[in-house]
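Report on the structure given below.
What follows draws every value from the coordinates through simple rules; no lab data is involved. Just so we're clear, the structure is a prediction, and the values are computed from it rather than from any experiment. Backbone-built Cβ (ideal geometry, glycine too); neighbour counts: all protein chains shown.
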Amino acid sequence: MDTQTWTFVIVGATFALYIGIAIWTRASSTKEFYVAGGGVPPLANGMATAADWMSAASFISMAGILSFAGYDGSVYLLGWTGGYVLLALLLAPYLRKFGKFTVPDFVGDRYYSKSARVVAVLCAIFVSFTYVAGQMRGVGVVFSRFLEVDITLGVLIGMALVFFYAVLGGMKGITYTQVAQYVVLIFAFMVPAIFISLMLTDNPIPQLGFGAELSGELGTRIAGVEATTLLSKLNGLHEELGFAAYTDGSKSTLDVFCITAALMVGTAGLPHVIVRFYTVPRVRDARTSAGWALLLIAILYTTAPAVAAFARTNLIDSVRDAHYDPAAAPAGERGVPEWFHTWESTGLLAWQDKNGDGRVQYVAGAAFAGAPEFTGETGAHGERLVANAPDASANELYIDRDIMVLANPEIARLPAWVIALVAAGALAAALSTAAGLLLVVSTAISHDLLKRTFLPEISEKRELLAARVAAAFAVGLAGYFGIHPPGFVAEVVAFAFGLAASTFFPAILLGIFTRTANREGVIAGMLSGLVFTAAYIVYFKFLGGTKAQLLFGISPEGIGTLGMAVNFVVAFVVSRFTPPPPLEVQELVEDIRVPKGAATPAHAH
Amino acid sequence: MSAPSLTAGAEDSHPTSAPAAPAAIDRKAYWRTNVKVLGVLLVLWFAVSFGAGILFHEELDAVNLPGTGFPLGFWFAQQGAIFVFVAIIWVYAAVMNRLDRRFGVYED
């Protein structure tokens with residue numbers, strides 16, 4: 001069978017599986033729709049959380065980013081895993097004890113304020129939509145690359161699928177689909193990684209191969225005469241080509257510190273992750289399921305940097321000074337590998353023969369500005385010509401970072417079914433994240449806005465219907481943004497984390513760890529954190545702020561850390577000078593700190 | 001950055017007007033122990049990520065992780081800290097399970 005057929009078969013089979021699970025796990029009450037009835041076993045919740053968390057970006061783009069950023073990419077690895085420590089130790093067990101269904105539920109009850117609840121709802125919706133648009137786009141892109149269908153059609157297929165299990169099954173359907181999606185995505189990520197590790201270092205465990213000596217089929221050739229470790233070879237290659245050493249960064253330490261902290265705290269404050277911990281039966285299950293979640297996430301997150309280094313070494317070695325037309329290479333010189341031409345035809349790679357020698361010069365610097373615009377004509381060596389004006393640098397090669405994961409199976413010459421598996425894995429990653437986010441949006445509308453704020457008398461049946469309608473509406477809107485992506489998607493992702501870090505995290509943390517944080521303090525804190533962070537990001541991302549103007553050289557991605565500090569200080573000071581929370585709220589705080597006993601009936605679910 | 005949470009938790013020990021059932025005393029001790037456990041684990045969390053992986057990564061890069069080709073600081077930033085994170089959560093879950101039993105708040 002060819003790759004195309006394999007892809008149809010494997011993607012089709014996984015979709016059939018997801019639909020089967022959705023029918024089997026239909027939600028019949030609001031509690032099942034919002035928190036899967038609160039009866040999800042910790043391991044299953046861990047798998048679902050891992051699939052929920054790892055998006056198309058984690059699956060496809062992260063290894064590519066690491067590959068080109070080297071040490072600087074560590075901010076994502078540390079940030080997106082370290083946040084789970086904060087979540088498991090500081091938030092999840094207490095929120096589970098609190099019970100209820102959503103993050104705005106906690107903010108509204110703990111700070112005895114409808115306005116606090118509404119602010120939290122708006123933040124939750126904004127953060128979730130920011131994210132989900134990217135996921136639907138990801139579905140479309142995977143479809144178009146692997147199945148050669150239109151991106152729009154790909155998004156529509158993804159919408160139909162998510163609609164089916166999110167609207168029917170609610171949290172219950174989503175949870176068990178995510179369990180299946182985790183298995184698909186981790187298998188799809190690990191298989192090529194293991195093969196590449198074997199080829200370059202003769203070690204089947206990528207985490208070990210990453211620090212090993214070059215050996216094996218491809219590794220021995222790359223190492224040359226002298227035995228050397230993968231990383232020192234890679235650092236050497238980087239030095240020869242004028243890049244910063246792979247294991248060394250080019251960002252300032254303070255900036256790396258702040259970005260990492262903002263991503264960690266933002267991760268712990270993201271509503272679609274927090275809400276997963278409401279679905280387990282007991283407080284101690286919340287702790288264990290956070291342990292499972294991070295363990296399962298760590299499998300991918302420690303493999304990705306290894307894949308990044310393997311792919312980078314292999315890329316530099318195989319394209320540097322290779323002849324674009326292998327047939328034209330004189331004896332003893334190499335032509336570019338076959339995948340070079342495959343990926344050039346998808347537009348993710350472009351070569352501009354600046355010095356006209358027919359060979360690929362790959363050094364530090366841009367080949368040209370922006371993404372390639374192909375003219376439709378071919379050049380002297382058969383390459384696709386681009387209309388972009390060449391950059392002054394000697395570099396002739398443009399590479400989209402996503403290639404690092406997508407082309408891995410071809411680079412490692414793996415069979416066609418592995419390529420199909422990668423497509424199914426990328427789809428699983430995108431769909432599982434999209435579904436989790438859409439649920440947050442629908443819950444925010446039907447539960448937080450309708451039931452808890454504007455229509456308290458609504459019957460359970462009608463609330464469930466409202467949740468389904470809201471979910472359907474959210475799927476439609478997300479699909480629209482997937483088909484017509486707003487140009488600022490990449491920019492607003494910084495927003496999502498900055499916002500979660502500077503609003504939710506401090507509000508929830510203070511709500512658990514102090515009895516004295518009150519309504520006035522926390523609302524003032526959230527608003528000042530929000531305004532500070534948003535103003536900084538908007539100024540530098542949209543209003544043309546320059547690098548020299550950055551506060552202490554902190555980039556917009558890291559400003560959430562300062563926003564969080566502002567929030568804490570303001571909340572603390574204002575709480576000091578305003579009346580303390582009512583007694584029953586102070587008792588609520590006492591109550592959520594202990595797993596069992598003395599729960600007032602209002603919190604027993 | 002873990003500092004605000006810890007001091008905020010510690011200052012909570014002043015007396016409260018909550019009903020003085022016998023269990024209330026246990027709850028206070030339970031919470032204080034919890035905050036102590038949290039503090040120790042968060043110091044470790046900070047040390048492996050922000051400490052070894054970021055602030056001191058250049059100094060640590062001078063040596064390799066024994067037996068491998070990893071510069072030590074780089075290893076912490078891209079591998080080691082993540083392994084420690086996983087361990088921290090499991091240790092916390094285990095310690096708290098014991099604590100829950102000791103204070104009679106273990107859920108069946």
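Less than 5 angstrom separates the built amide H of A:VAL386 from those of A:THR375, all sequence-distant by 5 or more or on a different chain.
The phi-based Karplus calculation (6.51 cos²θ - 1.76 cosθ + 1.60; θ = phi - 60°) puts the 3J(HN,Hα) values of segment A:190-206 at 6, 4, x, 4, 5, 4, 5, 4, 4, 5, 9, 10, 6, 10, x, 9, x Hz, whole numbers, x for Gly and Pro. Please report how far the C-alpha centroid of segment A:445-477 lies from that of segment A:307-381, rounded to the nearest whole angstrom. Taking the Cα centre of each part, segment A:445-477 and segment A:307-381 sit 53 Å apart.
Pairs of Cα atoms nearer than 8 Å and 6+ residues apart set the relative contact order; for segment A:322-411 it is 31 percent. In sequence order, segment A:372-385 has phi-based couplings of x, 10, 6, 7, x, 9, 10, x, 4, 9, x, 6, 6, 6 Hz under the Karplus curve 6.51 cos²θ - 1.76 cosθ + 1.60, θ = phi - 60°, and Gly or Pro positions carry x. Here the Karplus relation 6.51 cos²θ - 1.76 cosθ + 1.60, evaluated at θ = phi - 60°, turns the backbone of segment A:274-289 into coupling constants of 4, 5, 4, 7, 7, 8, 8, x, 9, 4, 5, 5, 5, 5, 5, 5 Hz, with x for every Gly and Pro. Under a 5 Å amide H cut-off, with hydrogens placed 1.01 Å from N, A:THR229 pairs with A:LEU214 among residues at least 5 apart or on other chains. Summed over qualifying helices (DSSP H, 4 residues or more, each -39500 (n - 2.57)) and divided by its residue number, chain A shows a 222 nm mean residue ellipticity of -20000 deg cm²/dmol.
Each listed q (0.12, 0.15, 0.18 Å⁻¹) maps to a log10 I(q)/I(0) for segment A:2-60, found by the Debye formula over equal Cα scatterers with no solvent: -0.45, -0.67, -0.89. Spin-label pair A:PHE8-A:GLU148: with each label point 7 Å from Cα along the Cα-Cβ axis, the two points sit 1.1 nm from one another. Relative to the Cα centre, the charge distribution of chain A, modelled as +1 at Lys and Arg Cβ and -1 at Asp and Glu Cβ, gives a dipole magnitude of about 2740 debye.
In this structure the amide hydrogen of A:GLY335, modeled in the peptide plane, comes within under 5 Å of the amide hydrogens of A:HIS323, none closer than 5 places in sequence on its chain.
For segment A:149-250, applying the loop criterion from DSSP together with a ceiling of 12 other beta carbons within 10 Å to the GluC sites (Glu not before Pro) yields A:GLU226.
Between the residues A:VAL118, A:PHE577, A:THR503, the greatest Cα displacement towards the positive end of the dipole of chain A, with unit charges on the Cβ of Lys, Arg, Asp and Glu, is found for A:PHE577. Tell me whether segment B:44-108 comes out rounded, prolate or oblate; compute the Cα gyration tensor, take square roots of the eigenvalues as a ≥ b ≥ c, and use a/c under 1.5 as the rounded threshold. Since a/c reaches 1.5 and a/b is larger than b/c, the shape of segment B:44-108 is classed as prolate. On a 31 Å Cα-Cα criterion, which of the cross-link pairs A:LYS100/A:LYS541; A:LYS114/B:LYS36; A:LYS97/B:LYS36; A:LYS31/A:LYS114 come out too long? Pairs exceeding the cut-off: A:LYS100/A:LYS541; A:LYS114/B:LYS36. The share of Cα pairs per 10 Å bin across chain A, counted from zero up to the longest distance, runs 3, 16, 26, 26, 16, 9, 3, 1, 0 percent.
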